[in-house]
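Read the structure below first, then the notes.
The values are calculated or read from the model by the stated rules, or taken from the named source; none is laboratory data. Keep in mind that what you see is a predicted model, and the values were worked out from it rather than measured. Heads up, the Cβs are rebuilt from the backbone with ideal geometry, glycines too, and the neighbour counts pull from every protein chain shown.
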Amino acid sequence: MGTYNIAVIKGDGIGPDIVEQAEKVIAKIGEKFGHIFNMTEALAGGAAIDAVGEALPKNTIDVCKNSDAVLLGAVGGPKWDGLAGNKRPESALLGIRKQLGLYANLRPAIMHKALSNSSPIKQEIIGDNLDILVVRELTGGIYFGEKGYREGPYGEEAYDVERYSPMEIERIVRIAFDAAMKRNKKLTSVDKANVLESSRLWRKTVIEIAKEYPEVELDHMYVDNAAMQLVRNPKHFDVIVTSNMFGDILSDEASQITGSIGMLPSASLGEGAFGMYEPIHGSAPDIAGMNIANPLATILSISMMFKYSFGLEAEAKTVEDAVTKVLDKGIRTVDIAEEGQASIGTKEMGEAVCAEI
Ligand code: IPM
Ligand code: MG
C-alpha cells in the first residue's frame, strides 16, 4: 500500500477525453491494490493559453516537480497554429520535457495479437508478436538547437541547428543498451552519419558505449533505410535508439505498423524515478469531445507509470492484461475496428478496461 502523487495535464483536443478514462483506471487500481493516488490537475498547451495567457505557466512546472509522475493527454490544435513558435501549445510540452530533464523517451510498439488484422503490413511480414522499443532522445538535437531567422545567400532564411554533445548521446545510448539487455539483446542505432556531423559523433559514441555491452548485438542504420526496413522487415528490430527528430518520425511509423497510433504509450524519463507518461499520438482536434477517441494508448501509459516511476510491477501488468482481455473480447474503438465490426466510445472503452481489473 502506497501513496503516489500524480500531476494530470489533460491538454487540448481529445486530451481530456482520453485522460479521464486513464484516471478511471488509476482509481480502479487504487481500489484493488489499496494504494492512494492523489491527482492534481495543471494546465498546459492551448488550454493554458486560453485560461492564463501562456502555454506553460510556472505553476504547472511546480505541480509537476511536486509530483511523483505526470500524466499528459495531448497539446495543440488549429486554434493556436498562428502563434509564434515559442508561444505555441507544443512549446509547453517541449518546456516540460526540458525543464524536468526528461531526456529518455521510451516508445514501445507492440502488436496485440487481436489487432493483427489492423496492421497495414502483410501478415507474413509482420508475424504475430511484433515488439519494438523505440528509445528516442528527448531534450536535445534540432528540437532544442539554436533557431531563428538570418540573412542568407537568397535573402532572409530560417534555420534550426541539430546539435549533440557526447554526454547527451552517452546517457540515452546507455538506457537503450540497458533496455536491450532485458529484452532480446539487439540494438539498432539510427543516424544519418553519411551526411551529418552530429550523426557521426552519435555513431562514434554508440560504438564506444557498446564495449560495455558485449552481449548486445549492435547494428547501425541510416534513417532513410530504417524507415524502409520498418515496413520491409519489421522483425529485424528489437530496440531502436535514435535522436529526437528521427525518433519522433520513426515512432509514428512503428506505431502504425502495429495497427493504430491510438494504441501506443510512452514514458519520458530522466535521472531517478520521476517521469512523464503520455500517448504518442496528438490532440486530434477534429474528433475532440465526440467520445470516439481511443483511450488505450493513455491507459497503457499508466501501466508504464506504475512500472517505471512507482515500481508497481503487478499493477502495471494488471492494466496491460486488462487491455489485452478487452481486445481479445473484440471490444473496439472505431480506429481499431475491422470492417463490419461494431465499435464503442471512449468512455465505454475506459469502463471496459476497468471491468477487467
Ligand atoms: C510527439 C509529438 C511532439 C514531438 C509534438 C507535439 C511537439 O509529435 O511527442 O511525438 O514532436 O515531440
Ligand atoms: Mg510525434
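For the reader, a short list of remarks on this structure follows.
- Entry remark, the stretch 50-76: residues being among the hydrophobic types (A, V, I, L, M, F, W, C), buried (at least 18 other Cβ atoms within 10 Å of the Cβ) and more than 14 Å from ligand 1 (Cβ to nearest atom) number 5 in total.
- Among residues of the stretch 1-16, those that are outside any strand (DSSP E or B) and farther than 23 Å from residue 351 by Cβ, counted: 3
- Answer residue from the stretch 230-257, given it is surrounded by fewer than 23 Cβ atoms within 10 Å (Cβ to Cβ) and over 21 Å from residue 183 (Cβ atoms) and is nearest to ligand 1 (Cβ to nearest atom) among those: 248
- For the stretch 132-150, a residue qualifies if it is farther than 17 Å from residue 162 by Cβ and surrounded by 15 or more Cβ atoms within 10 Å (Cβ to Cβ), and the qualifying residues are 132, 133, 134, 135.
- Applying the condition of being touching a residue at least 12 places away in the same chain (Cβ under 8 Å) and part of a loop (DSSP other than H, G, I, E, B) to the stretch 117-127 and asking which residue is farthest from residue 334 (Cα to Cα) yields 127.
- Considering the stretch 105-131, the residues that are of a type in the set (A, V, I, L, M, F, W, C) and within 16 Å of ligand 2 (Cβ to nearest atom) include one that is surrounded by the most Cβ atoms within 10 Å (Cβ to Cβ), namely 109.
- Condition met for residue 95 (of a type outside the set (S, T, N, Q) and within 11 Å of ligand 1 (Cβ to nearest atom)): yes
- Per the conditions (1) exposed (fewer than 15 other Cβ atoms within 10 Å of the Cβ); (2) small (Gly, Ala, Ser); (3) closer than 22 Å to residue 94 by Cβ, the sole criterion not satisfied by residue 46 is (1).
- Options 260, 266, 283; residue that is near ligand 1 (Cβ under 10 Å from one of its atoms) and more than 11 Å from the chain's Cα centre (by Cα): 283
- You will find that of 46, 15, 76, 11, the residue that is in contact with a Phe, Trp or Tyr (Cβ under 6 Å, 6 or more places away or on another chain) and within 30 Å of residue 336 (Cβ to Cβ) is 46 and no other.
- Taken over the stretch 332-357, the criterion of being in contact with a helix residue (DSSP H, G or I) (Cβ under 6 Å, 6 or more places away or on another chain) and more than 24 Å from residue 31 (Cα to Cα) is satisfied by 333, 335, 336, 338, 343.
- Within the stretch 126-172, the set of residues being hydroxyl-bearing (Ser, Thr, Tyr) and either at pLDDT below 95 or within 20 Å of residue 195 (Cβ to Cβ) (or both) comprises 143, 159, 164, 165.
- Flag for residue 142 being within 16 Å of ligand 1 (Cβ to nearest atom), assigned to a strand (DSSP E or B), within 30 Å of residue 234 (Cα to Cα) and touching a helix residue (DSSP H, G or I) at 6+ places or on another chain (Cβ under 9 Å): no
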